[in-house]
Amino acid sequence: MACDSERQSFIDRYFTRGYVVDNNGNSGEDQCVLLHSNKLCVITIAPEHPIVKQGSKVSDINFQVSSKLNRLDSKAVGKSKKGAQWIMPDAPLCEVTCSDGKKYILNCCMKGKLIEINDELISKPELLNEKPETEGYVAVILPKLQEVSLYFDKLLTTQQYEEILEKRKSSLKGTTDESQKNL
């Protein structure tokens, strides 16, 4: 019998992670897509996103992405999820405002039907940075079965993401070292 330290989390057992780096061209604003074995995609923020990394206090999450479009209005019903909004990878899901005034746009990252928005984030926005892969997820997307790999394969694997994080750390360290030399 495996001891507790060897057990994988629920997320590690049933999901494959895919990453989008520098969302909307903003350095460090990374997102994660959790692809379930049944092909449902859970949209989250990555552990290196400034909200999580800096422990920012989330003060508001707004799902009204335009004057005519509120993601909370997406109501998926029945087996074929009628009424769900069709959404593209670069489509915004919400705008997150932190107590320091910084704002972040979180995108869909996958093409598919928006079958669920985590409306729990409205009353408990702290879940976004405290439990980003579980209770703090942003949305659930149902891609077309034949398009899952088309879009998911464009995302970075965990290994590729970790390599990018190492490069970021190296470039930051190099910048810091240069600053020290100039003093």
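FYI, it's all coordinate maths here, none of it is from the lab. Model, not experiment: these values are computed from the prediction. Cβ atoms come from the backbone with ideal geometry, glycine included; neighbour counts cover every protein chain shown.
Values computed for the structure shown
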item: Net lengthening on full extension, residue 119/residue 172 (0.36 nm per residue, minus Cα-Cα); result: 15.4 nm
item: Rel. contact order, % - alpha carbon contacts under 8 angstrom, at least six apart, segment 69-123; result: 38 percent
item: Proximal lysines relative to residue 68, as straight alpha-carbon distance under 23 Å, when same-chain residues fewer than 8 apart are discounted; result: 81, 82, 103, 111, 113
item: Where trypsin sites (Lys or Arg not before Pro) in DSSP loops with at most 11 other Cβ within 10 Å are excluded, longest remaining stretch of the chain; result: 80-183
item: Given (1) 13.8; (2) 19.6; (3) 10.5, the label whose value is mean projected area of the Cα convex hull in nm² derived from this model; result: (1)
item: Relative contact order of the chain, pairs being alpha-carbon contacts under 8 Å that are 6 or more residues apart, as %; result: 22 percent
item: Karplus 3J(HN,Hα) series, Hz, for segment 28-43 with 6.51 cos²θ - 1.76 cosθ + 1.60 (x for Gly, Pro); result: x, 7, 8, 10, 10, 10, 9, 9, 7, 4, 8, 6, 6, 10, 9, 8
item: Most mobile of 153, 30, 73 in a GNM of the chain (Cα contacts under 10 Å); result: 153
item: Length gained when the stretch residue 134-residue 62 is fully extended (0.36 nm per residue, less Cα-Cα span); result: 24.0 nm
item: Summed side-chain charge close to residue 65 - residues other than residue 65 whose Cβ falls under 9 Å, Lys, Arg +1, Asp, Glu -1; result: 0
item: Segment 51-145 - percent relative contact order, Cα under 8 Å, separation 6 or more; result: 29 percent
item: Prolate/oblate/rounded label for segment 46-126 (Cα gyration tensor, a/c 1.5); result: prolate
item: Amide H partners (placed H, <5 Å) of residue 94, local residues excluded; result: 106
item: For a label point 7 Å along the Cα-to-beta-carbon line of residue 150, residues of segment 48-91 with backbone N under 14 Å; result: 87-89
item: Helix-only CD estimate at 222 nm, as mean residue ellipticity for the chain, using -39500 (n - 2.57) per DSSP H run (n ≥ 4); result: -7000 deg cm²/dmol
item: For segment 78-100 and segment 14-30, distance of Cα centres in Å; result: 16 Å
item: Summed side-chain charge close to residue 81 - residues other than residue 81 whose Cβ falls under 12 Å, Lys, Arg +1, Asp, Glu -1; result: +4
